[in-house]
Amino acid sequence: MPIPGDSQGGIAMGRVWSIIIAGVGGQGIVTTARILAESALASGYSVKATDIVGGAQRGGAVLSHVRFGNLVHSPIVPDGLADVVIGIEPLEALRSSIQYLRQDGTVVFNEEPVYPLTVLLKQQKYPPLEEIRSALLTITKNVFTLKASELARSAGSRLAAGSVLLGFMAAVSGIPIPKHNFHAAMEEVFTERVARVNIKAFELGFSKGLEAVNRLG
Amino acid sequence: MMATFFNPLSQTDRKKMLKDSLLSNEKGKRVILSGNEAIVRGAIEAGVKFATSYPGNPCTEILETLISVSGELGIYAEWSINEMVALEAASAASIAGLRSLVAMKHVGLNWALDPLMCINLSGVEAGMLVVVGDDPQSRASQNEEDVRFLASMSELPMLEPSGPAEAKEMVVWGIEFSERVKLPVLLRSAQRVSHGLEDVVLGDIIQPNVRAEFKKDEKYLVTGAGGRSVRLHESLHKKQEIIESAIERSPFNKVVKSGEERWGIVSAGMGYCIAVEALEFCGLEDKFARLKLAAPHPLPKKLLKDFCSNLEAVVVVEDVEPYLQTSIRAILAEEGISCRVYGRSDFNPRPVGEITFNEVLGMIERVSGRESPCINSRKPQVAMFRHMLISRPLTMCSGCPHRATFYAMKRAVNRILRDRAIFCGDIGCYSFASQPPFQLIDLKFSMGSSIGLACGFAKSNVDDKVFAIIGDSTFFHAGIPALINAVYNDARFVVVVLDNLVVGMTGQQPSPSLGLNANRTETVRILPEDIARAVGVKFVKAFDPLNLKEAERAFEEAIGYQGPGPAMLVARSPCAVYAAREARIRGERLQRYTVLEDRCTGCGVCTQHFGCPAIVMKEDNKARIEADDCTGCGVCAQVCPYRAIVKEA
C-alpha cells in the first residue's frame, strides 16, 4: 500500500483531480487554493483553478475550484464530479458537497461554524454538526471532520485552518502530490514566518489524517 | 467560532512572490498567475507605461497588482475617480505616445462609453488596451450585462481569453495591434477568467524609452461641425477591414477538425474550455469539430464559413446573451450555408447567467442524439436537506462604522418620521442596510443614483422625507453632479455620505477623503462636506458615527432642516477592516470589548437591533463578544441598555 502523502506523483492519462475548497470570506480559501495549485504545479501537473467570490469580505460564501492532471481543459468542476471537498466551514462543506462531490468522494471539513448574521438574529437556525455529517453520509462514506481552527491556532494562527485541512486531505484522499511539494509551495508563497506557521499547521492536519486512516484500517 | 472577516496574511504575504514573478526576466519560466495578474504581466511585457482603473469586481486586482511593481518599472498607475476619467486619462497617455492600459468592470464601461464613442473616431497613437471585467451571473455587481454588444457598437476589436495564460498573450498582442491600427483594443475578461489560476509562461519584457509628446492633429477635434465626425465615422468603418483581417489571422483562433465530423462546437473564452470537457465526457471528441474564436467582435467570417460549410449543425457555447449565435447565424445566412446554429436560446428562450457544464451536455445531446453519461443526481439531497442549506447573506463587517450610522439613523427616523421616509441607496457596503436588522434601503440602482433619485422624489412632492445614502467613493465617482442639481433646483432632502475613507467593498483602496493616492503617497485630502459647502449646500454637518449620541443628534437636525436645498450629513469613521489592518502594520493592539455576564440580561439589543457579527447570544442567554472578531469600535457598549459591555482589561 502506498504511504499516504508520500506519493511520487503520476496519474493515469486523462485523469483529472478536481478539488473544491469552500468556506466564508476571510477564511483563506483563495490562499489555500493557491497553495494547492502551486503544489500540483511543482509535482509536474498542469493546473487550472478559479474562485467564485462575491463580496468575500462581508460574510459571503467563497468557493475555489482547483483541478490538475496531465491535461486540464476547464477550471470549473462540473456538478457531482469533485474528488474532494475541503470545507473550512461546515455548512459550506455541505452546500458545496451536495452540488459538487462525486459519489464516494472525500469530504474533509472544519468543525467550527461561521454563523450567518440571520442566525445571530435568530431568523434562521444553523444545522447541528451531526445533521451535516449524516447528510454528507448520503453522498459518501468518506466524511472527515476536525477542529481545524483550533489546530491552526496552536500552530500559530487561526487563519492557517486551510493548511490544517490540506494536510489532513493529503493524508486521507490519496491525492498524488508528495508532501514536500506542499511544504515547498508554502515556502514559495508565504513569507518565512507565515510559511513556518502554515507548514506546522499542515503537519498537524497530516498526522490527524494518518490517525484517521489507521483507525479505518 | 464567529465570522473572520479579513485575512491580512493572504494579501500582504503573497506579494513578494508575486512581485518576483511579475518582474522576472526568465523567459520561458512557468509561474501560476490569476487572470488579473496575468493581464498585469502581459502589460509589463508589452511595455505599458500608464495605467488607470476604478476598483470593481472582477478586475480590481489588476491595478492593485500593477501598483506593487509600478515603482520598479517606472509605470504611472492611478486609481481614477471614475471609469470615464480613467478611460480619458489612458487615452491621452496613448495619444501622447505612451502605451496604456485601463481596467474597469462591465458597468464601468457604461460610464466610459461616452468618451469611448469619440476615442474610437479620433483613434490613439501608442497601444491602448481597455480591460473590461465582465460579471455574468452578477456575483458581485448590481446587474449582469453582456459587454460584447458595446464592442460592436463602438466598432472596436474585443478579444476574449479562455484563461490566464491566454489573457497574458492577448494583452501583448492586443497592445501591439492597437498601436498598428491606431485604435483602442478591448479585452473582455469574465469573472471565471479574472479570478482563475493557471500556469503561465513568461515572455520577454520590453522597456520602451519614450517621452510623452502630443503631436497635434485635427482628428483629435471630434466634432460634427463641417461633417468631421461623420467623416471620422466613415474612416472607422474603413478600418474594420484591417481589423477583421487581423482577427481572422490572429493566433488565438483555434480549429480542431478532421473533416469527418458532422457537428461542431463554436465558442470563445471560458465557454470553450467547458465545451471541450463536455465533449470528452460524452466520448464525442472525435464527432464534433471545434472552433475557438479569438474575439467576439469582429467575427472571422471566412474562418466561420470554412468551418461550418460541411457541418450539419454547430453548437454555440457562450455566457448570458446569444450574441455569437445570432451573429454566426447572420454570417452563414449571408453566405448561403445551411449548417444549423444551435445555442442556449434554443433550449431556454431567455438565457441568463453563466453557461454551465450541464447545459452544454444538454446541447450536445440534443444535436448528436446521443445520451451523455449520467451524472449522479443530487435532487434527493437537495430536497432532503434544503432546510439545512440556510442562506448566507452579505453583511457589514464586525466593527463597521456604517452599522453605527444606521443604528443612529433608524432611531432618529423612527422617533420623528416613523415610516414616512424613503431611502435611496447606492453602490457600496452600506447597501447591506437593506437587510435586517435595519431594512433602511428602499431603492438601489447604479453608481451615484441615490442623489438623483432623491432629487426626483423631492421635486415630485412626495409626503415622505427623502434620504440619499451614499458612500464617499461613490459620492466622488458620481454623486457630485447630482448634488449640484439638488442645490440648483432646490430639491429638499437629506444626503448622508458614509465616509469611511476607502473604497470598502472592493478591498479598501484609498478614496480622496483619505489623503493618500494609489501608491500610498500623501496627497490633498478632499472632503465631501467641503464640496457640499462649495456648491451651496446650506446645511452641512460632519460627525463621528461611533459616537451614537452625536450621530443621532445630527440626524435629528438634518431631518428638521426645511431648506432651501438639501441637507448634507457626513458620517466619518475609517473602514473597520482598513483600520484593523493599519493598526496591525503599526504593531498596535486593538482595544477589545467584553460582556460582564452578571450585568447582561440577554435583552438582545446588541444582537437583534445592532447586529454586529462579533456578538453572539449564547445558550445561557448571555451575550458574548468573540475576541478575534472585535475591532474595538465600542459602539455596542453605547447600545447596551444595562452597561454590560465594557473595555477588556
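Values in this text are rule-based calculations from the coordinates and carry no lab data. Please read all numbers here as calculations on a predicted model, not as lab measurements. Virtual Cβ from ideal backbone geometry, glycine too; neighbours counted across all protein chains shown.
For the range B:373-417 versus the range B:199-250, the inter-centroid distance based on Cα atoms is 47 Å.
Springs join every pair of Cα atoms under 10 Å in this Gaussian network model of chain A, and among A:His73, A:His180, A:His65 the largest mean-square fluctuation is at A:His73.
Each peptide among B:317-324, B:351-358 gets the average number of other Cβ atoms lying within 10 Å of its residues, and from highest to lowest they stand as B:317-324, B:351-358. Each Lys or Arg adds one and each Asp or Glu takes one away; over the other residues whose Cβ falls under 15 Å from the Cβ of B:Ala433, this sums to +3. Note on the range B:113-226: Cα Rg divided by 2.2 N^0.38 Å, N the number of residues, gives 1.22.
Structure shown: which of B:Lys254/B:Lys302; B:Lys182/B:Lys301; A:Lys179/B:Lys19 lie over 18 Å apart, alpha-carbon to alpha-carbon? Mind showing how you got there, number by number?
Numbers: B:Lys254/B:Lys302 14 Å; B:Lys182/B:Lys301 23 Å; A:Lys179/B:Lys19 26 Å.
Checking Cα-Cα distances, B:Lys182/B:Lys301; A:Lys179/B:Lys19 exceed 18 Å.
Subtracting the Cα-Cα distance of B:Ser391 and B:Val230 from 0.36 nm times their residue separation leaves 52.6 nm of extension gain. The phi-based Karplus calculation (6.51 cos²θ - 1.76 cosθ + 1.60; θ = phi - 60°) puts the 3J(HN,Hα) values of the range B:379-389 at 4, x, 5, 4, 5, 5, 10, 3, 4, 7, 7 Hz, whole numbers, x for Gly and Pro. When Rg and Dmax are taken over the Cα atoms of chain A, they come to 16.0, 51 Å.
Between the range A:108-134 and the range A:17-94, the C-alpha centres lie 21 angstrom from each other.
Report the per residue volume, in Å³, of the convex hull enclosing the C-alpha atoms of chain B.
Values: hull volume 121.3 nm³, N = 649.
Normalising the Cα hull of chain B by residue number yields 187 Å³.
Remark: mean inter-chain Cβ contacts per residue of A:176-185 equal 0, using a 10 Å Cβ-Cβ cutoff to other protein chain atoms.
Could you put A:Ser97, B:Ser258, B:Ser450 in order, starting from the residue whose Cβ has the fewest other Cβ atoms within 10 Å? Please report the intermediate quantities before stating the final value.
Working: A:Ser97 30, B:Ser258 7, B:Ser450 36.
In order of increasing Cβ crowding within 10 Å: B:Ser258, A:Ser97, B:Ser450.
Rule-of-thumb check for the range B:24-248: C-alpha Rg over 2.2 N^0.38 Å? Please list the in-between numbers first.
Numbers: Rg = 16.5 Å, N = 225, 2.2 N^0.38 = 17.2 Å.
Cα-based Rg divided by the globular estimate yields 0.96.
Over the range B:589-647, all Cα pairs binned in 10 Å intervals from 0 give whole-percent P(r) values of 26, 63, 11, 0, listed from short to long. Two numbers describe the Cα atoms of the range B:254-368: Rg and Dmax, which are 12.6, 34 Å.
Counting Lys and Arg as +1 and Asp and Glu as -1 over every other residue whose Cβ lies under 14 Å from the Cβ of B:Gly448, the net charge comes to -2. Among A:Phe68, A:Phe190, A:Phe182, the largest mean-square fluctuation in a Gaussian network model of chain A (Cα springs under 10 Å) belongs to A:Phe190. Report the residue, chosen from A:Val24, A:Val119, A:Val172, that carries the largest GNM mean-square fluctuation when chain A is represented by alpha-carbon nodes joined by springs under 10 Å. Largest GNM mean-square fluctuation: A:Val119. Across peptide B:65-75, the average count of Cβ atoms from other chains found within 10 Å of a residue's Cβ is 0.
Normalised size of the range B:570-619, defined as Cα radius of gyration per 2.2 N^0.38 Å with N residues, equals 1.49.
Its relative contact order, with pairs defined as Cα atoms under 8 Å and 6+ residues apart, puts chain A at 23 percent. Computed over the alpha-carbon pairs of the range A:103-217, the distance histogram in 10 Å steps reads 14, 38, 32, 15, 2 percent, short to long. Here the spin labels are modelled as points 7 Å beyond Cα on the Cα-Cβ line, and at B:Glu176 and A:Thr138 they lie 5.6 nm apart. As a length-normalised measure over Cα pairs under 8 Å and 6 or more apart, the relative contact order of chain B settles at 11 percent. Centre-to-centre separation between the Cα atoms of the range B:12-85 and those of the range B:113-170: 18 Å.
Report note on the peptides B:224-230, B:403-409, B:273-279, B:618-624: ranked by the mean count of other C-beta atoms within 10 Å, highest first, their order is B:403-409, B:273-279, B:618-624, B:224-230.
How much net charge surrounds B:Glu83 when only the other residues with a Cβ under 12 Å from the Cβ of B:Glu83 are counted, with Lys and Arg +1 and Asp and Glu -1? All intermediate terms of the calculation are to be shown ahead of the outcome.
Details: positive: B:Lys105; negative: B:Glu88, B:Asp114.
So the surrounding residues net to -1.
How high is the FRET efficiency between A:Lys125 and A:Glu192 when r is their beta carbon distance and R₀ equals 51 Å, given to the nearest 0.05? Write down the numbers at each step before the final one.
Working: r = 44 Å, r/R0 = 0.86.
FRET efficiency, A:Lys125 to A:Glu192: 0.70.
When Rg is the radius of gyration of the Cα atoms in the range B:401-583 and Rh is its Kirkwood radius, what does Rg/Rh come to? Mind showing how you got there, number by number?
Details: Rg = 15.2 Å, Rh = 16.1 Å.
Rg divided by Rh gives 0.94.
Taking a ≥ b ≥ c as the square roots of the Cα gyration tensor eigenvalues, with a/c under 1.5 meaning rounded and otherwise prolate when a/b beats b/c, else oblate, which class fits the range B:137-189? Since a/c reaches 1.5 but b/c is at least a/b, the shape of the range B:137-189 is classed as oblate. By the rule of a C-alpha distance below 19 Å, with chain neighbours fewer than 8 residues away ignored, the aspartates and glutamates paired with A:Lys125 are A:Glu89, A:Glu92, A:Glu111, A:Glu112, B:Glu619, B:Asp620. Sequentially through the range B:417-430, phi angles give Karplus couplings (6.51, -1.76, 1.60; θ = phi - 60°) of 10, 6, 9, 8, 8, 10, 10, 8, x, 8, 8, x, 4, 5 Hz, Gly and Pro residues having no value and appearing as x. Going by neighbour counts of Cβ atoms within 10 Å, the residues A:Ile29, B:Ile75, B:Ile416 line up, fewest first, as B:Ile416, B:Ile75, A:Ile29.
Database remark: amide H of B:Phe50 closer than 5 angstrom to the amide H of B:Tyr76, B:Leu101 (H placed geometrically; neighbours at sequence offset of 5 or more, or on other chains; Pro and chain starts carry no H). Close amide-amide hydrogen proximity is noted between A:Phe109 and A:Gly87, A:Phe144, A:Thr145, A:Leu146, each under 5 Å apart and 5 or more residues distant or on a separate chain (H modeled in the peptide plane; Pro and chain starts excluded).
If the viscosity is 0.890 mPa s and the temperature 25 °C, what translational diffusion coefficient in µm²/s does Stokes-Einstein give for the range B:316-387 when Rh comes from Kirkwood over Cα pairs? Before the final figure, lay out each step's value.
Working: Rh = 14.2 Å.
Translational diffusion coefficient: 172 µm²/s.
Within the range B:153-217, the proportion of Cα pairs with more than 15 Å between them is 62 percent. Computed over the alpha carbons of the protein assembly as shown, Rg followed by Dmax gives 27.7, 87 Å. For B:Met505, B:Met153, the sequence from fewest to most other C-beta atoms within 10 Å is B:Met153, B:Met505.
Inter-chain neighbour count for A:67-74: the average number of beta-carbon atoms from partner chains within 10 Å of each residue's beta-carbon is 4.
Considering only DSSP beta bridges with both partners in the range B:24-248, what is the antiparallel share in %, to the nearest 5?
Details: 5 of 27 bridges.
About 20 percent, rounded to the nearest 5.
Compute the helix-to-body angle for A:161-172: its Cα long axis versus the longest principal axis of chain A, expressed 0 to 90° and rounded to tens. It is inclined by approximately 50 degrees.
Based on the alpha-carbon gyration tensor of the range B:502-612, what equivalent-ellipsoid semi-axes (square roots of 5 times the eigenvalues) come out, in whole Å, largest first? Present the calculation step by step, with values, prior to reporting the outcome.
Details: eigenvalues 176, 132, 20 Å².
Value: 30, 26, 10 Å, ordered largest first.
Per-residue Karplus couplings for the range B:243-257, computed as 6.51 cos²θ - 1.76 cosθ + 1.60 with θ equal to phi - 60°, are listed in order as 5, 4, 6, 5, 5, 4, 9, 5, x, 8, 6, 9, 10, 10, 7 Hz, Gly and Pro entered as x.
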